[in-house]
Amino acid sequence: MARLLNTKPSQGLTIALGAAPFIAVASVYAFASAERLLVNARDNLLPSLTTMLGGLQRVGFEPDPISGHLVIVADTLASLERLGLGLGIAAIIGLCIGIAVGLIPLARATLAPFIAVLSIIPPITLLPILFIAFGLGDVSKIILIVIGIAPFIARDIAARTQEIPKEMLIKAQTLYGSTWLITLHIVLPQIFPRLLESIRLSLGPAWLFVLSGEAIAAQSGLGYRIFLVRRYMAMDVIIPYVIWIGLLAFTLDLALRWGAKRLSPWSQPGSTR
Amino acid sequence: MARLLNTKPSQGLTIALGAAPFIAVASVYAFASAERLLVNARDNLLPSLTTMLGGLQRVGFEPDPISGHLVIVADTLASLERLGLGLGIAAIIGLCIGIAVGLIPLARATLAPFIAVLSIIPPITLLPILFIAFGLGDVSKIILIVIGIAPFIARDIAARTQEIPKEMLIKAQTLYGSTWLITLHIVLPQIFPRLLESIRLSLGPAWLFVLSGEAIAAQSGLGYRIFLVRRYMAMDVIIPYVIWIGLLAFTLDLALRWGAKRLSPWSQPGSTR
Amino acid sequence: AEKPTFKLGWIVFTPWMPWGYAQQSGVLKKWADKYNVNIELVQLNDYVESLNQYSAGGLDGVLGSIADVYSIPVANGVDTTIFPIDYSNGADAVILKGKDKLTDIKGQTVNLVEFSVSHYLLDRALETANLKHDDVKRVNTSDADFVAAYKSPDVSAIVAWNPQVEQIQSSGDAHIVFDSAKINGEIFESVLLRTSKLKENPDVAKALLGAWYETVGIINGTSPERAGVIKSLATASATDVAGYEQQLKSVVIFSDAKAALAFAERPETKDTLVRVRDFAHRYNLLGKDVKDANAIGIELPNGEVVGDSKNVLLRFDRSVLELAAAGKL
Amino acid sequence: MSQISVRNLNVVIDGHPVLSGVNLDVASGEFCVVTGPSGSGKTTFIRLLLSQLQPSAGEITIDGAPISPFPAPDRGVVFQDYSVFPHKTALQNVLVGPQFKRSRFLGRVFGEERKKLIEEAKQALVDVGLEQAASKYPSQLSGGMRQRLAIAQALISRPKVLLLDEPFGALDPETRAQLHRVVLRLWRESRTTIVMVTHDLAEAHTLATRLVTFGFAKGGGGTITADGSLESASAVVTSFTNKRSSSQTTRQKKRKYR
Amino acid sequence: MSQISVRNLNVVIDGHPVLSGVNLDVASGEFCVVTGPSGSGKTTFIRLLLSQLQPSAGEITIDGAPISPFPAPDRGVVFQDYSVFPHKTALQNVLVGPQFKRSRFLGRVFGEERKKLIEEAKQALVDVGLEQAASKYPSQLSGGMRQRLAIAQALISRPKVLLLDEPFGALDPETRAQLHRVVLRLWRESRTTIVMVTHDLAEAHTLATRLVTFGFAKGGGGTITADGSLESASAVVTSFTNKRSSSQTTRQKKRKYR
Ligand SMILES: Nc1ncnc2c1ncn2[C@@H]1O[C@H](COP(=O)(O)OP(=O)(O)OP(=O)(O)O)[C@@H](O)[C@H]1O
Ligand SMILES: Nc1ncnc2c1ncn2[C@@H]1O[C@H](COP(=O)(O)OP(=O)(O)OP(=O)(O)O)[C@@H](O)[C@H]1O
Ligand SMILES: [Mg+2]
Ligand SMILES: [Mg+2]
């Protein structure tokens, strides 16, 4: 009469159980794919593993005849550059505004309502205005990410800044702290790990914005490729690309987690269970 | 020699400061619009207020000649229905999986890695498969929202469930608590307010998914309309629609906040400052 | 017996708007009942997705332009029968900003939907100007955003279709340097039906075409009810009556089956199909393993097959059109 | 009110011995106070008694039968924190055990039965002096009131054994004294066997009928180093008081800095 | 070491009187302990002295000059919690004041000057017995060590006045006693004027050269009800000890339930 609540799987079982859903999905896929290919061997919606490997081979290992680059490498670099710049700028803006809003009552009064509204409006709908203001190039795409992400980061950082105990700010002022010095030495270092956490949380939407921006006008990028090959429904390229995006996102996520931990050695007390 | 950190604006100033960015944006818009219209009176990128009122009049006050409905009302109802169903299903799935993962070690071992991966993959890229699997109707659009949101909610709920002190679960077991009774009476009521919070946080992405789904296949809905008139760059309809979406989102946000507070009278201690 | 149900996908596009009207006015239902079938009209908002859904089996029929018909469903191995319904006569255009000669396009970056009819039109334009296909750079651009894209300062050349072309033209500095009227009939649109479905139940085509010609009769005719129909089509395309009339001028919708049949049987149609096939082959749209442009067979109305006659995947159907032409539907 | 037997208990966690060779017999109805330096395994011992943890070796029996391998209603417990459910009022908190016991699916009884249970629960609240606070949430109670509630909640299910791990550790001296009176009265009335961990020697003196002191075994790990008279314990306790005080507060304060 | 004058202080918050007519003169170098029941405005009084709050009426002067309208280095402070910066090591915490004072833009000095400051800071750590913990983060220190650090951090900036609001409220008796010795020594050496709030009468007896007791004014709001001898205060304190203990712990515990 074991109780579910208390039943802990062994390490081996943990790995097996963790793998199970992936295997299940892969099996369902393989089954559905085989089914469809039986009916129409040229069907592209659920390509077989071989076909996907072929697609991956085409984009990942054969250089593009025109540019000489590997397609997937060029696409990844283009997308990561947009993502990186967009997230970077959004993070800086979000950090500055967030700290100002969290720390300075005047800034809070001025910006808090505006950011709240801004964070609600789906930025995709304003794309035409972005295009005309910033052109069709990478600038618009990066600004799309910034507009989409920065309000969220700013709100999160502002909330965290407000969580800093008042006592600490008072104490700092009794130790010759000016608003500037307090921001620099007391608030920033405590908030910084949270910024990484906040970026981590907005990775999902950021990818969405990168893909949406690239879908609308681009010459390279993971989103570009996906929407381009969608024209001939080349799921043998799309599915590896999606898995690849998942892997990239996962790696970024891990890196940010690790970074946040490294940046705040002081927040991990010795060895509590 | 006032210090910025300590300078609190009066109530009147707070309102004035809060309004300022909105007024600034409106002014910049009015100015840019007038500028563009001077150069080309037929320009429709930044329509004048009158033109927008005209657009709003067309979609909001003249019934559609064919259906007899007001366009904006029909669109709003269609989108809200998709949003509501999508969020509702995502919330239920997220809640169930989240509690299971948070509470039951076996469920955690099985599902945690899978959900982590699932939450990373941008669901938009899988739309063609969704459409084939679930048809071109509302089902696909709702499933898009569910796939996009449920993993996030599940992870959030799982994390909150794990935050419930072990002591509390032990105590419950010493009081005749089975896994089921503990879930029902100890975990659920404590987690429920967090569920609303979690839904609130995913409203932004949820709207994005609604709009994306409608952009590809629909006969009505706010996203459908925006993408339909985008071919003509009818910003006189798009801008009022965007503002309207913003208002709707804002209202939902407020309602969920209020709901979360109402649902947990026990979490608000008397009157601490 | 159970009535067979048949799903036809369509999108908002000038010459295709009558389908929506046929459904709303009950004309479609009338014809469907006559042939004892259910016809479900599914509106999509994204053209490529509508063809993808047809290819993947989510739809039994769809509307499409010939280059896309070849490069999407046919290339995916879906045996398709087509019934031409209209052709573009100026609705698709190559537009330059500030320049007015086609040869000025050399060296420019062109915004367009890659591998679509626009791409086909661009290649045809380059050929007529004796330019090479890679004398221009191409940027894939979403059709929903053509108008905004054109207004952005870094766009100087664009290939688009209506209603976007008209919107772009209103900017003043836009010059149409090439359009579909110059390649008469090469960009034609059809109703696509799965050949297998059609064989199962040929009545579906009869019902569809019956409803279509009845509706088109009003639009291409002069009857008093035309004004009302046009008004509702304009509203559904999110424009006004004048705008929609203007758009209609840039396309030719076949008023009856006779015209459609005549169009299909012109010798130029074969040339068009060969060009479309070569276009798809040039950009590898058939997939990496198709090395030969002739791998897929196209059966012309007269029974002649272009390409591999053992692998016919695209065909015209005379029989229903002939019935319709004879007024026997 | 039952007899506890602990035989040759050993606990090894991550290769480190935490408890070594613990043997103890607690007579039925005894008030057994456990004390000892920080890290000597007192909390681990309570966890074993609760079946929150399985021993690496050894056996625990209550009234001769081995205890069930997971927390069960025969062993009630009060921790220093989190012993009451924050989302339930005081009355609802006390009702948890009786309702769970009677309704295994809904966890809720109705009608006459409910009325009877509420009467009983109200009496339990009166017993700990909380009759006025029946409809208050824990967050509206003081720390002392909360611990009294936790005790009422545990006792209403009539456990054979009541386990207390530093139940009054977070309270100030006056509140403690008041709670000692309540606990002693309840213990005398119910005659439940009690095992309670504390660092406070005065508390031990006030409450214990039996004082067990944990210390460190030769091979590492905590074990029982003194047992029985209150006097023998006091020397040991005084000697480690100074040492433990700082680590003890570190643990309490860490929560805030997390 | 400076003289504090408080004249006719009144504080009204949200229409409710919180302090009414507080008058007090503290001589230079005095160790003034403030005590009184919960809600009598002791913390509010400290906030006023800090300029964290502006009085509705009345005036506070230090050495004859009105205090600046915001917290400033002439008035050091140690709170019960959050008085040290969690992201800085003990040494860095002590360095905050001196570095901020000398470098108004970077908040950091270099070279010889830095070496000198570090020497000074290390001495300050020695003074409070934290020389071993210089490179530890607050989360790695015990509660008592943390409060000693906070005191060193405040004193190194040589404030005219040191304000302490229940600085040892969260510590256990032994740690408290140890800190009393440290504080008394530092106070004797620096001769800073100290105003300290406490609920612990023994603490007040150990430390105070002056004992001020807050109570409630007729019209509502807290005010000074006794001043001067230690004996006069003790009666008052004992009378409210019982009452306050529960509300005091409620406040401490709330944090955990939030
Ligand atoms: N889950 C665990 N993982 C690793 N070590 C553990 C675990 N639980 C307990 N320990 C170790 O076992 C020893 C005993 O811990 P325990 O908490 O039982 O001591 P205690 O006597 O209750 O101390 P205190 O007086 O501080 O409460 C400690 O050294 C502790 O670090
Ligand atoms: N910001 C505020 N808003 C409203 N009321 C306040 C505020 N600050 C203090 N008060 C009220 O003023 C009174 C005095 O509070 P204060 O914290 O100064 O008391 P105290 O003597 O420090 O009490 P304790 O011993 O509990 O610390 C209380 O009734 C409190 O509710
Ligand atoms: Mg312990
Ligand atoms: Mg106070």
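The values are calculated or read from the model by the stated rules, or taken from the named source; none is laboratory data. Computed from a prediction, not measured in an experiment: that's the story for all the values here. Cβ sites come from the backbone with ideal geometry, for glycine too, and all protein chains shown count toward neighbours. When the accessible area is computed, the model is the full protein with side chains, heavy atoms only, and any ligands, DNA or RNA have been set aside. Shrake-Rupley method; radii C 1.70, N 1.55, O 1.52, S 1.80 Å.
Find out how many positive minus negative residues lie around B:Ser198, taking Lys and Arg as positive, Asp and Glu as negative, among other residues whose Cβ is under 14 Å from that of B:Ser198.
Numbers: positive: B:Arg155, B:Arg160, B:Arg194, B:Arg200, B:Arg257; negative: B:Asp156, B:Glu163, B:Glu197, B:Asp253.
Local charge sum for B:Ser198: +1.
So what's the back-of-envelope 222 nm ellipticity for chain C, counting only DSSP H runs of four-plus at -39500 (n - 2.57) apiece and dividing by all residues, rounded to 500?
Details: 14 runs with 131 residues, N = 329.
Result for chain C: -11500 deg cm²/dmol, rounded to the nearest 500.
When a/c is below 1.5 the answer is rounded, else prolate if a/b is larger than b/c, else oblate, so apply that to chain B with a ≥ b ≥ c taken from the square roots of the Cα gyration tensor eigenvalues. Kindly include the intermediate steps, with their values, before the conclusion.
Working: a/c = 2.65, a/b = 1.47, b/c = 1.81.
It comes out oblate by the Cα gyration axes.
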Between the alpha-carbon centers of region A:214-230 and region A:150-164, tell me the distance in whole angstrom.
33
Just how far, in whole angstrom, is region D:129-204 from region A:108-135 if you go by their alpha carbon centroids?
56
GNM flexibility winner over chain D from D:Leu95, D:Leu184, D:Leu106 (Cα, springs under 10 Å):
D:Leu106
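Shape call for region B:44-90 from the C-alpha gyration tensor, a ≥ b ≥ c root eigenvalues: rounded (a/c under 1.5), prolate (a/b greater than b/c) or oblate?
Values: a/c = 4.23, a/b = 1.70, b/c = 2.48.
In terms of gyration-tensor shape, oblate.
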Picking from A:Ala249, A:Ala16, A:Ala90, which is most flexible by a Gaussian network model of chain A using Cα springs under 10 Å?
A:Ala16
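Roughly what % of Cα-Cα distances in chain D sit above 23 Å, to the whole percent?
Values: 17460 of 33153 pairs.
When every Cα pair of chain D is considered, 53 percent fall beyond 23 Å.
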Considering only DSSP beta bridges where both residues belong to the protein assembly as shown, give the percentage that are antiparallel (nearest 5).
55
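Counting only protein heavy atoms and rolling a 1.4 Å probe, how much accessible area do E and D lose on contact, total for both sides, in Å² to 100? Don't skip to the answer; put the middle values down first.
On the way: alone 12990 and 12990 Å², together 23650 Å².
The contact between D and E buries close to 2300 Å².
Where does chain B land at 222 nm, in deg cm²/dmol rounded to the nearest 500, when only DSSP H runs of n ≥ 4 count, each adding -39500 (n - 2.57), divided by all residues? Spell out each step's value before the answer.
Values: 12 runs with 201 residues, N = 273.
Value at 222 nm, helices only: -24500 deg cm²/dmol.
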Copies compared at D:Glu112 - label distances in nm, ascending, label defined 7 Å from Cα in the Cβ direction
9.6
What accessible area, summed over both chains, is buried at the A-C interface (1.4 Å probe, Å², nearest 100)?
2600
Helix axis angle, E:111-127 relative to chain E longest principal axis, alpha carbon, degrees
50
Relative to the other copies, what are the label-point distances for D:Gly215, with labels 7 Å from Cα along the C-beta vector, expressed in nm at one decimal and sorted shortest first?
5.2
List the residues of region C:88-126 for which accessible area in the full set of protein chains is at least 30 Å² lower than for the chain on its own; 1.4 Å probe, protein heavy atoms only.
C:Glu114, C:Phe115
Measuring with a 1.4 Å probe in the full set of protein chains, what accessible area per residue, in whole Å², belongs to region C:194-329?
44
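Going through region D:54-140, which trypsin sites (Lys or Arg not before Pro) have at most 16 other Cβ atoms within 10 Å and a DSSP loop state?
D:Arg104, D:Arg108
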Summing -39500 (n - 2.57) over every DSSP H run of at least 4 in chain E, dividing by its residue total and rounding to the nearest 500, the 222 nm mean residue ellipticity is -13500 deg cm²/dmol
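Counting other Cβ atoms within 10 Å, which trypsin sites (Lys or Arg not before Pro) in region C:1-106 have at most 11 and lie in a DSSP loop? Walk me through the intermediate numbers first.
Details: sites: C:Lys7, C:Lys29, C:Lys30, C:Lys34, C:Lys97, C:Lys99, C:Lys101, C:Lys106; in loops: C:Lys99, C:Lys101, C:Lys106.
In loop regions of region C:1-106 (DSSP not H, G, I, E or B), the sparsely surrounded trypsin sites (Lys or Arg not before Pro) are C:Lys101.
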Return one whole number: the accessible area per residue of region A:95-242 in Å², for a 1.4 Å probe.
26
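Below 8 Å, C-alpha to C-alpha, sequence gap of six or more: please give me the relative contact order for chain D in percent. List each step's numbers first, then the result.
Details: 470 pairs, mean separation 73.3, N = 258.
Computed value for chain D: 28 percent relative contact order.
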Scoring only Lys, Arg, Asp and Glu (+1, +1, -1, -1) among other residues with Cβ under 12 Å from the Cβ of C:Glu40 yields +2
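May I ask for the Rg/Rh ratio of the protein assembly as shown, computed from Cα atoms with Rh as the Kirkwood radius, given to two decimals? Provide the component values of the computation, followed by the final result.
Numbers: Rg = 38.9 Å, Rh = 36.9 Å.
Ratio of gyration radius to Kirkwood radius: 1.06.
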Starting from the Cα of C:Asp100, move 7 Å in the Cα-to-Cβ direction to define the label point; list residues of region C:140-173 whose amide nitrogen is under 14 Å from there.
C:172-173
For C:Asn89, distant residues with modelled amide H under 5 Å away
C:Val251, C:Val252
Using alpha carbons only, how many angstrom separate the centre of region C:40-97 from the centre of region E:53-103?
74
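Probe radius 1.4 Å, ligands and nucleic acids left out: can you give me the accessible area buried at the B-D interface, summed over both chains, in Å² to the nearest hundred? Please report the intermediate quantities before stating the final value.
On the way: alone 17210 and 12990 Å², together 27530 Å².
Buried: approximately 2700 Å² between D and B.
May I ask you to give the percent of accessible area on region B:71-263 that is carbon plus sulfur, with a probe radius of 1.4 Å?
Details: 4560 of 6250 Å².
About 73 percent, which is the carbon plus sulfur part of the accessible surface.
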Contact order normalised by length for region A:74-217, with contacts defined as Cα pairs under 8 Å and 6 or more residues apart; what percent is it?
37
